[in-house]
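All of the numbers you see were taken from the coordinates with simple rules; none came from a lab. Every value quoted in this text rests on a predicted model; they were computed, and no experiment measured them. Virtual Cβ from ideal backbone geometry, glycine too; neighbours counted across all protein chains shown.
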Amino acid sequence: MAEYKKFLIQQQIYNGTTYTNVGDVVDTQAAYNVVCQECPFMHLPESKELAKRDWPDEDGEDVYIPAEGLKFKAYDETVTFLYVGTKADMSQDLKGFINFLYGKNIGGSPLLAIYDEYTQIGGQGIYVKKINNDLFDYSDISTDVIATFKVTFRVTDPVTPITLHTSSSSS
């Protein structure tokens, strides 16, 4: 079996000022036989529109730039996942993974912190917008990958970097 970089997720709660972790950090491969194929995190996404005045009798515009710098917009990202378990376990694993992402597990929360070991980028304040219904079967092409599917996440905190580790991760 191929070796994959870890895709780690931790459920969170946000009270308006502070994120609090819920439960343990989950390695998606160990828990659900799901690995990340593509995770297009942005280091810094599009900046927010700046306050400005456009005087009709002057060239250009007066733009207010906050002293602490530019602010950034929340954004959507679509992550491609691979299912690398067995066909016999696929239905149960994928249902468990989807329930976890939506916070439908016991004591769960739909707000997530995510970390991709391959890109070494992670973020917090993330939730699922949708899970693509298309499940593409790869079992006739690859001996390790059974299927692929996509999840669209909303990244509400586009600037706070997160690094997650499982208890079995080397630090």
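Model label points for residue 118 and residue 134, set 7 angstrom from Cα along the Cα-to-Cβ axis, are 1.9 nm apart.
Hey, with R₀ at 35 Å, roughly what FRET efficiency would residue 51 and residue 127 work out to, going by the Cβ-Cβ distance, to 0.05? Don't skip to the end; give the middle numbers.
Numbers: r = 29 Å, r/R0 = 0.82.
Efficiency for this residue pair is about 0.75.
For segment 9-111, the set of chymotrypsin sites (Phe, Trp or Tyr not before Pro) satisfying both a DSSP loop assignment and a count of at most 15 other C-beta atoms within 10 Å is given as 64, 102.
Using a Gaussian network model of the chain whose springs link C-alpha atoms within less than 10 Å, name the residue from 93, 134, 59 with the highest mean-square fluctuation. Among 93, 134, 59, the largest mean-square fluctuation in the Gaussian network model of the chain belongs to 59.
Using only DSSP helix segments of four residues or longer, with each worth -39500 (n - 2.57), what per-residue ellipticity at 222 nm results for the chain after dividing by its residue count and rounding to 500? Write down the numbers at each step before the final one.
Numbers: 2 runs with 20 residues, N = 171.
Rounded to the nearest 500, it is -3500 deg cm²/dmol.
Principal-axis analysis of the Cα atoms of the chain puts helix 87-101 at an angle of about 30° to the longest axis. Give me the Debye-computed log₁₀ of I(q)/I(0) at q = 0.18 Å⁻¹ for segment 25-141, equal point scatterers on Cα only, no solvent, two decimals. Normalising to I(0) and taking log10 leaves -1.03. Separation of segment 21-73 and segment 76-128, taken as the distance between their Cα centroids, equals 21 angstrom.
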